[in-house]
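**Q** Questions regarding the structure given below will be posed in turn.
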Amino acid sequence: MKFIRSSLVFLTIFSHLASAPLKQLKIFISVDMEGIGGIGTGELTRYGGKDYETGRHLMTAEVNAVVKEIFENGPAEILINDSHGDMQNLIHQNLDPRVTYIQGNIKPLGMVQGLDASFDAAIFIGYHARAGTPRGFLAHTGSGAVKGLWLNGVEVGEGGLNAHYAGEQGVPVILAAGDDVFTEQFGELIKCELVTTKWAESPKVARLKHGEVVRKELSEATAKALASLKGATRLKVRKPVAIKMKFSGTTQPEVLLAIPGMKQEDGTTVSYEAKNMEEAYPLIRLMYKYVKP
Ligand SMILES: [Zn+2]
């Protein structure tokens, strides 16, 4: 009886393995706008700006190209986080219906809202270089008030900041896309698939590839990134996390000193030691977004 029972158990496990469905991947996609293919001026990224609606369509189409490729690879659960400005840019009804979508910007984790350790991978598209990068198309970090942001002594932009958050959660960034200055900068921090969507001619002007070309390149890069998912590297984050932020003026640093533990480095720079990225991220967001000059 014992023998029969264990054989049955074995058979049950075996038949389960033989018919086991492909593991469903969980993918997080953060979508900014400045680095989307076909966007060559700031106007297309600004509500009320010339051709902003075109910008929204280009952004939505780029997300759909990546999403389609993920589903070509196999079953997936995909979360899209709108990550630009008021974070209400993607045209929801035109998004691939198989995704879920976070809209709106009053969220503590901003560009990484919804990302946690349960995800297999993160993808950043439409990204731009960090504040002060020469030639970087529409380069900034968080907002125009920030001159520079450092984590454990390493200067980061939005891509670097978000990669640190993902890294602490154990989630690898497998693909990132934006202008040539962004991809070069991000590539120095993270080894992943990179798609250059345009070339920055100046901080305000880009030389564009056609959107169709960009979407094709994104599809190919997505396929490659998923094929090498097992070997993807997670950014290691040292704890505690030393934050340093330099502002364009002196008012914000003064106000921020009200936060216990916040230290003044000089007239425009403050520093803070956070336990980890989970503490650091919402604090950084508060520092540049909710403390006004
Ligand atoms: Zn943006």
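To keep it simple, each residue is scored yes or no on (1) closer than 14 Å to Tyr127 by Cα; (2) modelled with pLDDT of 95 or more.
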| site | (1), (2) |
| --- | --- |
| Pro21 | no, no |
| Phe28 | no, yes |
| Asp32 | yes, yes |
| Gly49 | no, yes |
| Thr54 | no, yes |
| Glu62 | yes, yes |
| Ile70 | no, yes |
| Gly74 | no, yes |
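**Q** Which residue out of Glu193, Glu278 is in contact (Cβ under 8 Å) with a residue 24 or more places away in the chain, farther than 30 Å from Gly74 by Cβ and within 22 Å of the chain's Cα centre (by Cα)? Can you show your working first?
**A** Numbers: Glu193 fails: farther than 30 Å from Gly74 by Cβ.
Answer to the selection: Glu278.
**Q** Is it the case, given these coordinates, that Leu79 is buried (at least 21 other Cβ atoms within 10 Å of the Cβ) and assigned to a strand (DSSP E or B)? Outline the logic, then answer.
**A** Values: buried (at least 21 other Cβ atoms within 10 Å of the Cβ): no; assigned to a strand (DSSP E or B): yes.
The answer is no for Leu79.
**Q** Something else: Please tell me if Asp96 is farther than 20 Å from Val173 by Cβ, of a type in the set (Asp, Glu) and more than 15 Å from the ligand (Cβ to nearest atom).
**A** On the way: farther than 20 Å from Val173 by Cβ: yes; of a type in the set (Asp, Glu): yes; more than 15 Å from the ligand (Cβ to nearest atom): yes.
Yes, satisfied.
**Q** List every residue pair whose Cβ atoms lie under 9 Å apart, where the two residues are 6 or more positions apart in sequence or sit on different chains, the first residue falls within segment 31-46 and is touching a residue at least 60 places away in the same chain (Cβ under 8 Å) and on the phi > 0 side of the Ramachandran plot, and the second residue, located anywhere, is in a loop (DSSP other than H, G, I, E, B) and away from the ligand (no atom under 14 Å from the Cβ).
**A** Note: pairs meeting the criteria are Gly38/Lys209; Gly38/His210.
**Q** Here is a further query. Given the criteria away from the ligand (no atom under 16 Å from the Cβ) and in contact with a Gly (Cβ under 7 Å, 6 or more places away or on another chain), does Gly148 qualify?
**A** Working: away from the ligand (no atom under 16 Å from the Cβ): yes; in contact with a Gly (Cβ under 7 Å, 6 or more places away or on another chain): yes.
It is true that Gly148 is away from the ligand (no atom under 16 Å from the Cβ) and in contact with a Gly (Cβ under 7 Å, 6 or more places away or on another chain).
**Q** While we're on this one: Given the residues Val66, Val112, which is the only one that is surrounded by 17 or more Cβ atoms within 10 Å (Cβ to Cβ), touching a residue at least 40 places away in the same chain (Cβ under 8 Å) and more than 16 Å from the ligand (Cβ to nearest atom)? If you could, list the steps in order and put the result at the bottom.
**A** Details: Val112 fails: more than 16 Å from the ligand (Cβ to nearest atom).
After applying the criteria, what remains is Val66.
**Q** Answer with yes or no whether Gly55 is buried (at least 20 other Cβ atoms within 10 Å of the Cβ), free of Cβ contacts under 8 Å to residues at least 60 places away in the same chain, of a type outside the set (Val, Ile, Thr) and farther than 15 Å from Val213 by Cα. Write out each step before concluding.
**A** Values: buried (at least 20 other Cβ atoms within 10 Å of the Cβ): yes; free of Cβ contacts under 8 Å to residues at least 60 places away in the same chain: yes; of a type outside the set (Val, Ile, Thr): yes; farther than 15 Å from Val213 by Cα: yes.
Spelling it out, Gly55 is indeed buried (at least 20 other Cβ atoms within 10 Å of the Cβ), free of Cβ contacts under 8 Å to residues at least 60 places away in the same chain, of a type outside the set (Val, Ile, Thr) and farther than 15 Å from Val213 by Cα.
**Q** Would you confirm, using the coordinates I've provided, whether Phe119 is within 12 Å of the ligand (Cβ to nearest atom), more than 11 Å from the chain's Cα centre (by Cα) and in contact (Cβ under 8 Å) with a residue 40 or more places away in the chain?
**A** Judged against the criteria, Phe119 is not a match.
**Q** Step by step: first the residues of segment 20-52, then only those that are within 21 Å of Gly110 (Cβ to Cβ), within 15 Å of the ligand (Cβ to nearest atom) and hydrophobic (A, V, I, L, M, F, W, C), then the one that is surrounded by the most Cβ atoms within 10 Å (Cβ to Cβ). Which residue is that?
**A** Step by step, filter segment 20-52, then rank; the result is Ile36.
**Q** Ok, one more. State the number of residues belonging to segment 122-151 that are surrounded by fewer than 24 Cβ atoms within 10 Å (Cβ to Cβ) and of a type in the set (Val, Ile, Thr).
**A** 2
**Q** (1) out of contact with any helix residue (DSSP H, G or I) (no Cβ under 7 Å at 6 or more places or on another chain); (2) over 16 Å from Ile80 (Cβ atoms); (3) open to solvent by less than 10 Å² (accessible area, probe 1.4 Å): which one isn't true of Val171, the others all being true?
**A** Answer for Val171: the failing condition is (2).
**Q** Taking Ser202 as the residue in question, decide whether it is polar (S, T, N, Q), out of contact with any strand residue (DSSP E or B) (no Cβ under 9 Å at 6 or more places or on another chain) and farther than 15 Å from Ile36 by Cα. If you could, list the steps in order and put the result at the bottom.
**A** On the way: polar (S, T, N, Q): yes; out of contact with any strand residue (DSSP E or B) (no Cβ under 9 Å at 6 or more places or on another chain): yes; farther than 15 Å from Ile36 by Cα: yes.
Yes.
**Q** If you go through segment 197-238 one residue at a time, how many are in contact with a Lys or Arg (Cβ under 9 Å, 6 or more places away or on another chain), part of a strand (DSSP E or B) and surrounded by fewer than 20 Cβ atoms within 10 Å (Cβ to Cβ)?
**A** Going residue by residue through segment 197-238, those that are in contact with a Lys or Arg (Cβ under 9 Å, 6 or more places away or on another chain) are 197-203, 206-209, 214, 217, 219, 222, 232-233.
Cutting the leftovers down to part of a strand (DSSP E or B) gives us 197-202, 206-208.
Then keep just the ones that are surrounded by fewer than 20 Cβ atoms within 10 Å (Cβ to Cβ); that gives 199, 201-202, 207-208.
Final tally of qualifying residues: 5.
The values are calculated or read from the model by the stated rules, or taken from the named source; none is laboratory data. As the structure is a prediction and not an experimental result, all values here were calculated from the model. Note that each Cβ is placed from the backbone with ideal geometry, even for glycine, and that neighbours are counted across all protein chains shown. Please note that ligands, DNA and RNA were not included when accessible areas were found on the heavy atoms of the full protein model with its side chains. Shrake-Rupley method; radii C 1.70, N 1.55, O 1.52, S 1.80 Å.
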